[in-house]
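Step one of this worksheet: look at the structure below.
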Amino acid sequence: MVALDPFRGYAKGLLAQLGHAEVVLDHFHAVRLANAAVDDVRRRVQQEALGHRGRKGDPLYGIRRLLLVGAERLGERGRVRIAAGLAAGDRFDEVGATWTAKELLRAVYAADDVLAARRALVAFYQRCTEVQVPEVSRLAKTVSAWEHEVLAYHTTGLSNGRTEAVNLLIEKVRRIGHGFRNFDNYRLRLLLRCGVTWQTRPAARIRGRQPRLVA
């Protein structure tokens, strides 16, 4: 079993050597595609309505981060802010429709079993067809091309979320360090930062007794 992001080059290269492997479209990457669609629609609608990129005080720009948060994690204040921002800046309900499609795709992965996931996937496709938003249609086309791999998540339970988390920590250490000249030091720093633990010998004491006072 292998968890991949939605890039056919990876899948073809894998299956060329391991044709028997079960391929899973990872939850992290699927949701990232949906979040990217939300961002793309928000930027387009904002540009069409205001004629410029998002700025402080623009209604859609003010809720850009909230739109990427899972609905179940939003508090009452967050929901009110999203509703107000969409009412002020989303005249044709394109951003709101894309946000709903994103949540429906998340519901596919949150389903209890394969049958529930299939029903959630049908609801996702229906919503994407109804809204007639280009970015949402593109998202639905991508998900449809990877439908078997999406549903395989429920038969395998496989995810590379841990790998993605470690990769994120590695990139952060590299940026903070502004480059490392010694590879061994770089490797040790990564092992320490990523939470790897190992048994080490206790350090030797520098002195066996207190130094004498000097008058």
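The values are calculated or read from the model by the stated rules, or taken from the named source; none is laboratory data. The structure displayed is predicted, hence computed values, not measured ones. We place every Cβ from the backbone using ideal geometry, glycine too, and count neighbours over all the protein chains shown.
Scanning the stretch 23-42 for residues that are more than 9 Å from the chain's Cα centre (by Cα) and surrounded by fewer than 17 Cβ atoms within 10 Å (Cβ to Cβ) returns Ala36, Asp39. Quick one: is Val122 crowded, with 18+ Cβ neighbours inside 10 Å and assigned to a helix (DSSP H, G or I)? Taking the combined requirement at face value, the residue does not satisfy it.
Kindly establish whether Gly208 is of a type in the set (Gly, Ala, Ser), over 19 Å from the mean Cα position of the chain (by Cα) and modelled with pLDDT of 95 or more. Don't jump to the end; show me each part of the working.
On the way: of a type in the set (Gly, Ala, Ser): yes; over 19 Å from the mean Cα position of the chain (by Cα): yes; modelled with pLDDT of 95 or more: no.
No.
Evaluate the following for Val108: is it within 24 Å of Glu22 (Cα to Cα) and of a type outside the set (Lys, Arg)? For Val108, the condition - within 24 Å of Glu22 (Cα to Cα) and of a type outside the set (Lys, Arg) - is met. Among the numbered conditions (1) out of contact with any helix residue (DSSP H, G or I) (no Cβ under 6 Å at 6 or more places or on another chain); (2) assigned to a helix (DSSP H, G or I), the only one that Leu158 does not meet is (2). The set of residues in the stretch 130-140 being more than 18 Å from Arg44 (Cα to Cα) and either modelled with pLDDT under 95 or not in a helix (DSSP H, G or I) (or both) consists of Glu130 alone. Does the stretch 162-172 contain at least one residue that is surrounded by 12 or more Cβ atoms within 10 Å (Cβ to Cβ), modelled with pLDDT of 85 or more and either touching an Asp or Glu at 6+ places or on another chain (Cβ under 8 Å) or over 26 Å from Pro6 (Cα atoms) (or both)? Scanning the stretch 162-172, I find no residue that is surrounded by 12 or more Cβ atoms within 10 Å (Cβ to Cβ), modelled with pLDDT of 85 or more and either touching an Asp or Glu at 6+ places or on another chain (Cβ under 8 Å) or over 26 Å from Pro6 (Cα atoms) (or both), so the answer is no. Could you check, for the stretch 28-37, whether at least one of its residues is free of Cβ contacts under 8 Å to residues at least 12 places away in the same chain, in contact with a strand residue (DSSP E or B) (Cβ under 9 Å, 6 or more places away or on another chain), over 20 Å from Val131 (Cα atoms) and in the same structural domain as Glu149 (by TED's automatic domain parsing)? Checked against the condition, which is being free of Cβ contacts under 8 Å to residues at least 12 places away in the same chain, in contact with a strand residue (DSSP E or B) (Cβ under 9 Å, 6 or more places away or on another chain), over 20 Å from Val131 (Cα atoms) and in the same structural domain as Glu149 (by TED's automatic domain parsing), the stretch 28-37 yields no hits at all.
Inspect all residues belonging to the stretch 142-160 and state whether any of them is at pLDDT below 90, surrounded by 15 or more Cβ atoms within 10 Å (Cβ to Cβ) and aliphatic (A, V, I, L, M). Yes, there is a match, as at least one residue in the stretch 142-160 is at pLDDT below 90, surrounded by 15 or more Cβ atoms within 10 Å (Cβ to Cβ) and aliphatic (A, V, I, L, M).
Every residue, every condition in (1) free of Cβ contacts under 8 Å to residues at least 40 places away in the same chain; (2) closer than 26 Å to Ala120 by Cβ; (3) more than 24 Å from the chain's Cα centre (by Cα), yes or no:
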position	(1), (2), (3)
His52	yes, no, yes
Leu66	yes, yes, no
Arg91	no, no, yes
Glu94	no, yes, no
Glu103	yes, yes, no
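Among what's in the stretch 105-158 and is of a type in the set (Ser, Thr, Tyr) and free of Cβ contacts under 8 Å to residues at least 24 places away in the same chain, pick the residue that is nearest to Ala36 (Cα to Cα). Step through it out loud before you land on a result.
Keep residues of the stretch 105-158 that are of a type in the set (Ser, Thr, Tyr), which gives 109, 125, 129, 137, 142, 144, 153, 155-156.
From what is left, the residues that are free of Cβ contacts under 8 Å to residues at least 24 places away in the same chain are 125, 129, 137, 144.
Values: Tyr125: 18, Thr129: 19, Ser137: 13, Ser144: 17 Å.
Only one residue tops the list, namely Ser137.
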